[in-house]
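> The structure is given below, and queries will be raised subsequently.
The values are calculated or read from the model by the stated rules, or taken from the named source; none is laboratory data. These numbers come from a predicted model, not from an experiment. Note that we place each Cβ from the backbone using ideal geometry, even for glycine, and neighbour counts take in every protein chain shown.
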């Protein structure tokens, strides 16, 4: 998504954008962060938005670099968390041509690589590599394409929330939607968002000098996918992918 999209949504970010931290009921992401945290290390929060991860990161790292494309998001984050003095806020476009951010010991990037543009995603992953020192690690969460497919299979089979999953009758629009899905770009509220296969993410990271060390499913309840989720629908749950990767070059 372009900067204008995030600037527009910033005032209502907390209501409109899915809260991964709150919905990670098993605290898997926090557990991994705590494992590698140190008061001697710097950490970069890439796509920090309104700063929900600052209270997690600031007490356990020497310094936090909070990076976001939206100036309004960063302004809100500073207003929400003035008590954390070891945080530096930087506005930067990770998909930009001349992205310049500090290199840190550890990084997190929570559902920030969502752009449907292959060109922009490629630059984003290149920028990720520049953010983490050799031997450092990064935690990334991204929407799972496998989970999205599972949701749609269940929806069609059991006719759940049919009005929210209308069939595309226009042939031209159907072709556009199909070509988007082939790239992992699926619509959320009519806006294409990139979703990833596990193996796809593993490949993308390896191309930028990272080795995926650990994959986890960050599982959510079905009411995050459906308004009227059946009571019997429990397992398996929908999920995002979380990967812990080490920078090896």
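> Considering only the range 28-39, how many residues are assigned to a helix (DSSP H, G or I), surrounded by fewer than 21 Cβ atoms within 10 Å (Cβ to Cβ) and in contact (Cβ under 8 Å) with a residue 40 or more places away in the chain? Reasoning before the result, please.
Taking the range 28-39 as the starting set, the residues that turn out to be assigned to a helix (DSSP H, G or I) are 28-36.
If we keep only those that are surrounded by fewer than 21 Cβ atoms within 10 Å (Cβ to Cβ) as well, we get 28, 30-32, 34-36.
From what's left, in contact (Cβ under 8 Å) with a residue 40 or more places away in the chain: 28, 32, 36.
So the answer is 3.
> Could you say whether any residue in the range 236-249 is in contact with a strand residue (DSSP E or B) (Cβ under 9 Å, 6 or more places away or on another chain), surrounded by fewer than 16 Cβ atoms within 10 Å (Cβ to Cβ), over 26 Å from residue 35 (Cα atoms) and modelled with pLDDT of 95 or more?
Start the filter on the range 236-249 by keeping residues that are in contact with a strand residue (DSSP E or B) (Cβ under 9 Å, 6 or more places away or on another chain), which leaves 236-249.
Narrowing the set further to residues that are surrounded by fewer than 16 Cβ atoms within 10 Å (Cβ to Cβ) leaves 236, 248-249.
Checking the rest, the ones that are also over 26 Å from residue 35 (Cα atoms) come to 236.
Pick out the ones that are also modelled with pLDDT of 95 or more and you get 236.
Yes: the range 236-249 contains one or more residues that are in contact with a strand residue (DSSP E or B) (Cβ under 9 Å, 6 or more places away or on another chain), surrounded by fewer than 16 Cβ atoms within 10 Å (Cβ to Cβ), over 26 Å from residue 35 (Cα atoms) and modelled with pLDDT of 95 or more.
> Another question, if that's okay. List every residue pair whose Cβ atoms lie under 8 Å apart, where the two residues are 6 or more positions apart in sequence or sit on different chains, the first residue falls within the range 162-185 and is on the phi > 0 side of the Ramachandran plot and free of Cβ contacts under 8 Å to residues at least 60 places away in the same chain, and the second residue, located anywhere, is surrounded by 13 or more Cβ atoms within 10 Å (Cβ to Cβ) and not in a loop (DSSP other than H, G, I, E, B).
What qualifies is 184/145; 184/194; 184/196; 184/200.
> As an exercise: evaluate residue 157 against (1) touching a strand residue (DSSP E or B) at 6+ places or on another chain (Cβ under 8 Å); (2) farther than 13 Å from residue 195 by Cα and give the number of the one condition it does not meet.
(1)
> Hey, can you tell me all the residues within the range 59-72 that are at pLDDT 95 or above and buried (at least 21 other Cβ atoms within 10 Å of the Cβ)?
61, 64, 65, 66, 67, 68
> Could I ask something else about it? Just to confirm my filter: which strands (runs of 3 or more DSSP E) fall fully inside the range 40-147 and include at least 2 residues that are within 30 Å of residue 180 (Cβ to Cβ)? Spell out the reasoning first.
Numbers: elements: 42-46, 63-68, 87-91, 104-110, 132-143.
Fully inside the range 40-147 and qualifying: 42-46, 63-68, 104-110, 132-143.
> If I go through the range 99-125 residue by residue, how many of them are without any contact (Cβ under 8 Å) to a residue 40 or more places away in the chain and surrounded by fewer than 20 Cβ atoms within 10 Å (Cβ to Cβ)?
Taking the range 99-125 as the starting set, the residues that turn out to be without any contact (Cβ under 8 Å) to a residue 40 or more places away in the chain are 99-100, 103, 117, 119-120, 122-124.
Cutting the leftovers down to surrounded by fewer than 20 Cβ atoms within 10 Å (Cβ to Cβ) gives us 99-100, 103, 117, 119-120, 122-123.
Residues in the range 99-125 being without any contact (Cβ under 8 Å) to a residue 40 or more places away in the chain and surrounded by fewer than 20 Cβ atoms within 10 Å (Cβ to Cβ): 8 in total.
> Working only within the range 218-228, note down all residues that are surrounded by fewer than 17 Cβ atoms within 10 Å (Cβ to Cβ) and in contact with a helix residue (DSSP H, G or I) (Cβ under 9 Å, 6 or more places away or on another chain).
Taking the range 218-228 and keeping what is surrounded by fewer than 17 Cβ atoms within 10 Å (Cβ to Cβ), we get 221, 223-224, 227-228.
Listed by number, the residues that qualify are 221, 224, 227.
> Let me ask something else about it. Could you give every pair whose Cβ atoms fall below 6 Å, whose first residue belongs to the range 211-236 and is without any contact (Cβ under 8 Å) to a residue 40 or more places away in the chain, and whose second residue is exposed (fewer than 14 other Cβ atoms within 10 Å of the Cβ), counting only separations of at least 6 or pairs across chains?
211/248
> Go through the range 130-144 residue by residue and tally those that are touching a strand residue (DSSP E or B) at 6+ places or on another chain (Cβ under 7 Å) and either free of Cβ contacts under 8 Å to residues at least 24 places away in the same chain or surrounded by fewer than 21 Cβ atoms within 10 Å (Cβ to Cβ) (or both). Spell out the reasoning first.
As a first pass, look at the range 130-144 and keep what is touching a strand residue (DSSP E or B) at 6+ places or on another chain (Cβ under 7 Å): 131-144.
Cutting the leftovers down to either free of Cβ contacts under 8 Å to residues at least 24 places away in the same chain or surrounded by fewer than 21 Cβ atoms within 10 Å (Cβ to Cβ) (or both) gives us 133-135.
Of the residues in that region, 3 qualify.
> Tell me, yes or no, whether the range 148-166 has at least one residue that is surrounded by 14 or more Cβ atoms within 10 Å (Cβ to Cβ), within 16 Å of the chain's Cα centre (by Cα) and not in a loop (DSSP other than H, G, I, E, B).
Yes: one or more hits.
> Here is a further query. Could you count how many residues in the range 167-226 are out of contact with any strand residue (DSSP E or B) (no Cβ under 9 Å at 6 or more places or on another chain) and in a strand (DSSP E or B)?
The qualifying residues number 1.
> Kindly list, by first and then second residue, each pair from a residue in the range 193-204 that is closer than 10 Å to residue 241 by Cβ to a residue that is modelled with pLDDT under 95 and in a loop (DSSP other than H, G, I, E, B), limited to pairs with Cβ atoms under 8 Å and residues at least 6 apart or on different chains.
Listed by first residue and then by second, the contacts come to nothing, as the list is empty.
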